[in-house]
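Okay, structure first, notes after.
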Amino acid sequence: MGWALSACGGSGGAAQSPAGSGTVKFTVDTVASGLATPWGLAFMPDGRMLVTERGGQLRIVTAAGAVSAPLPGLPSNIAVGGQGGLLDVALDPNFAANRRVYLSFSEAGTGAENGTNGTSVWRAELSPSGTALVNGTVIFRQRPKVNSAQHFGSRLVFARDGTLFVTLGDRGSRSTDAQDTSNHLGKVVRIRTDGTVPPDNPLVSTAGAAPEIWSWGHRNVQGAALHPGTGVLWTHEHGPQGGDELNIDLAGRNYGWPVITYGCTYGLCSKIGEGTAKAGMEQPVSWWPKPSTAPSGLMFYTGEGFAPWKGNAFIGGLAGQVLWRLTLSGDKVASRETLLGDRGERYRAVVQGPDGWIYLLTDDSNGKVLRLRAP
């Protein structure tokens, strides 16, 4: 078990208490505070951060902790409520030239779809002045839209070939649809930056299948990252009561939900589906028993500042209120450790900064950007 001393701290990079994990010591800084339920964070080339707030705002946070006013130009029909709202943010791999920003959000249905919502992806450009988003358009919509405020998934990750992975939840009430490849519920999809389908997606030639699908059988994927050595997508998802999973997310694979799971029903903890394994369905690399840690955010550490942690995976815990550090041996998890567990914070996102330190978003109405750095 890792440890961390609690201490007071303000915004603007004020240092907090020293802490440690075995022989690795670090300091926790509060870079910024006062963010309204922040969800996603992406670093721009100049070191400033784009941070989403679930209520529908996008802000710029400087390295010194200054928080901008909300940037105009976002979608007008963000469905804020429950777990929905403005969610993840990612920069185009060629952002320095094209200034493109990608946002995932829960989009409210209109017309015949009134009263429903679903995860959508919005592409826009950061204006030359850096004060607004312009030329915005939706490039992907999860189908079908559903009357639910749960399980939007919503992490955005660029593959090395420039295509975009989007994680999509089963929407809570539609868990069996995670096994139905004709829709986007409980799936990871892969699209081009204009929303079109890459011709080498695994189900492109499968009659009746949604061609955007990369993998299926997911419950609610809120963490996704490329392995720095292999370039392969890794994801993690929320189980029901227990059964949170870390997966190596491969093309055309079925990850089992809700047919197989290590979790159980809420309350009575009754069995779900057929058990924990079935032929043709993938096993997780690692999983968590109850109580759920509710993982959110995934990062592989590649920096030099914490040399003993190089190659480790870091996962935020919401219900667990910890930061998980996973030591890997190839494609296996060799050990797990919890950090920051005495702070009482829900960790929504974990990102490595251009300075090589580890940045976290706390899930709270007074959310913070935290930084772990060498003392």
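Some points to look at:
- Scanning region 327-360 for residues that are open to solvent by less than 60 Å² (accessible area, probe 1.4 Å), outside any strand (DSSP E or B) and not acidic (D, E) yields G330, L340, G341, R343, G344, G353, G356, W357.
- Only residues that are open to solvent by 10 Å² or more (accessible area, probe 1.4 Å) and in a strand (DSSP E or B) were counted in region 91-116, giving 3.
- Filtered by the rule that a residue be within 19 Å of the chain's Cα centre (by Cα) and closer than 15 Å to P228 by Cβ, region 327-351 gives V350, V351.
- Given (1) touching a Leu at 6+ places or on another chain (Cβ under 7 Å); (2) outside any loop (DSSP other than H, G, I, E, B), index of the condition K25 fails: (1)
- Among the candidates G65, G34, G47, residue that is modelled with pLDDT of 95 or more, outside any strand (DSSP E or B) and either open to solvent by less than 10 Å² (accessible area, probe 1.4 Å) or in contact with a strand residue (DSSP E or B) (Cβ under 7 Å, 6 or more places away or on another chain) (or both): G65
- Tally, over region 38-79, of residues that are closer than 20 Å to N117 by Cα, of a type in the set (V, I, T) and under 17 Å from the mean Cα position of the chain (by Cα): 1
- Neighbours by Cβ (under 7 Å, 6+ apart or cross-chain): first from region 151-171, within 20 Å of D200 (Cβ to Cβ) and in contact (Cβ under 8 Å) with a residue 12 or more places away in the chain; second charged (D, E, K, R) and surrounded by fewer than 23 Cβ atoms within 10 Å (Cβ to Cβ): T163/R192
- One residue stands out among those in region 189-224 that are charged (D, E, K, R) and open to solvent by 40 Å² or more (accessible area, probe 1.4 Å): the one that is nearest to V157 (Cα to Cα), which is R192.
- Checked against (1) within 16 Å of the chain's Cα centre (by Cα); (2) crowded, with 24+ Cβ neighbours inside 10 Å; (3) over 23 Å from D249 (Cβ atoms), D363 passes all but condition (2).
- Close pairs (6 angstrom Cβ cut-off, 6 or more residues apart or separate chains): touching a residue at least 60 places away in the same chain (Cβ under 8 Å) in region 255-270, of a type in the set (D, E) anywhere: V259/E274
- Of everything listed in (1) more than 20 Å from R141 (Cβ to Cβ); (2) touching a helix residue (DSSP H, G or I) at 6+ places or on another chain (Cβ under 7 Å), the single unmet condition for H218 is (1).
- Residue within region 312-326 that is more than 14 Å from the chain's Cα centre (by Cα), more than 25 Å from T261 (Cβ to Cβ) and part of a loop (DSSP other than H, G, I, E, B) present: yes
The values are calculated or read from the model by the stated rules, or taken from the named source; none is laboratory data. Owing to the predicted nature of the structure, the values given are computational and were not obtained by experimental measurement. No Cβ is skipped: glycine too gets one built from the backbone with ideal geometry, and neighbour counts run over all protein chains shown. Protein only, heavy atoms only, side chains kept; ligands, DNA and RNA dropped before computing areas. Shrake-Rupley method; radii C 1.70, N 1.55, O 1.52, S 1.80 Å.
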